[in-house]
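The values are calculated or read from the model by the stated rules, or taken from the named source; none is laboratory data. Because the structure is a prediction, the values reported are computed rather than measured. No Cβ is skipped: glycine too gets one built from the backbone with ideal geometry, and neighbour counts run over all protein chains shown. Heavy atoms of the whole protein, side chains included, go into the accessibility calculation; ligands, DNA and RNA do not. Shrake-Rupley method; radii C 1.70, N 1.55, O 1.52, S 1.80 Å.
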Amino acid sequence: MLSRKKRVNFTDISIVLFITAVSITCLIPFLYMISLSFSSNEAIISQKVTLWPVGFTLETYKTILSDVEMIYTLGYTIVLTIVYTLVCMFLTICAAYPLTKQRLKGRSFILTVLVFTMYFSGGLIPSYMLVKNLDLMNSMWSLILPGAMSVFNLIILKTFFASLPESLEESASIDGCNELGILVRIVLPLSLPSIATLSLFYAVDRWNGFQDALFYITNKNLYPMQLKLYQIITANQQLDAQQGEGSIGAYIVPESLKAASVMFATVPILVVYPKLQKYFVDGVMTGAIKG
């Protein structure tokens, strides 16, 4: 019995040590970026910065926040992310709920077609031509409609819906509730963990989106956050190439601006995530295992 307890304790300790090592590995680059964003130009160029800021300064953040367009882009990206998440969740719910019903004709075929799109797509050029022919270029909808539903998230939500007791829906039906009423009053309130989790997935995906905006958006007023930060970094790199060696303090080195830009774009998601964390594990595990 004693040897078994020692074996269990050794296993637990090994798991804790492994998770701790992985966490530190993920945390070190993040801390390094924070240090770079608060360090002086001289310290960065001389490579003195490690995990602690050297020559503490806020110049990089002042440069970013002094740009009026950056504040506008931040607000626009927040609105874009909210609209995108609402549209995606609406379509995902409307697709997932009917697919749980055995009486839906062609259910297997529809699900097969949806899964097929996870592995095969038309490609970049057909997608661009489609957006252009639909006259969606330089509009918010070009960043929303092409990726408005994830089949992976659909399968998770469908599995969660299927795990709910059928007796609840039968009772509501006997009380005179139609399909829409059952969905709104019974199914959705019981599915909040999965809905919150998938909403977070959609929101993070849109917030970090860059490639689609690079292809579909040329109007600077419609740049999302990631594309705006890319433009700032590119402009600063060009400025860096024009500066002489004796004027280090007169400009901000690209590494510092990159680090501050990453932090500026990451903080909003870090603020939102803890509020949804309590739903995260329950939503993913239930939607992926049950059914």
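Quick notes on this structure:
- If you filter the range 117-136 down to residues that are out of contact with any helix residue (DSSP H, G or I) (no Cβ under 6 Å at 6 or more places or on another chain) and assigned to a loop (DSSP other than H, G, I, E, B), you find that the one that is nearest to Asp212 (Cα to Cα) is Gly123.
- Total residues in the range 31-60 satisfying the condition of being assigned to a loop (DSSP other than H, G, I, E, B), touching a residue at least 12 places away in the same chain (Cβ under 8 Å) and on the phi < 0 side of the Ramachandran plot: the figure is 11.
Yes/no per residue for (1) open to solvent by 90 Å² or more (accessible area, probe 1.4 Å); (2) among the aromatic types (Phe, Trp, Tyr); (3) closer than 26 Å to Tyr230 by Cα:
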| position | (1), (2), (3) |
| --- | --- |
| Ser14 | no, no, no |
| Phe18 | yes, yes, no |
| Ala21 | no, no, no |
| Met33 | no, no, yes |
| Leu36 | no, no, yes |
| Leu51 | no, no, yes |
| Glu59 | yes, no, yes |
| Ile64 | no, no, yes |
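- Residue satisfying all of: in the range 39-76; of a type in the set (Val, Ile, Thr) and touching a Lys or Arg at 6+ places or on another chain (Cβ under 8 Å); farthest from Phe210 (Cα to Cα) among these: Val54
- The set of residues in the range 164-220 that are within 23 Å of Val131 (Cβ to Cβ), of a type in the set (Ser, Thr, Tyr), part of a helix (DSSP H, G or I) and over 20 Å from the mean Cα position of the chain (by Cα) is empty.
- Residue under evaluation Ile78, criteria (1) open to solvent by 60 Å² or more (accessible area, probe 1.4 Å); (2) within 30 Å of Gly181 (Cβ to Cβ); (3) among the aliphatic types (A, V, I, L, M), criterion not met: (2)
- Single residue of the range 132-165 satisfying the filter (among the aromatic types (Phe, Trp, Tyr) and either touching a Leu at 6+ places or on another chain (Cβ under 8 Å) or in contact (Cβ under 8 Å) with a residue 40 or more places away in the chain (or both)) that is surrounded by the most Cβ atoms within 10 Å (Cβ to Cβ): Phe160
- Qualifying residue in the range 227-243 (condition: at pLDDT 80 or above, touching a Phe, Trp or Tyr at 6+ places or on another chain (Cβ under 8 Å) and surrounded by 19 or more Cβ atoms within 10 Å (Cβ to Cβ)): yes
- Residue match in the range 267-278 (condition: modelled with pLDDT under 70, touching a helix residue (DSSP H, G or I) at 6+ places or on another chain (Cβ under 7 Å) and farther than 16 Å from Asn41 by Cα): yes
- The combined condition, being within 30 Å of Ser191 (Cα to Cα), surrounded by fewer than 12 Cβ atoms within 10 Å (Cβ to Cβ) and not β-branched (Val, Ile, Thr), is not fulfilled by Tyr84.
- Taken across the range 169-189, residues that are β-branched (Val, Ile, Thr), buried (at least 17 other Cβ atoms within 10 Å of the Cβ) and under 21 Å from Pro224 (Cα atoms) do not occur at all.
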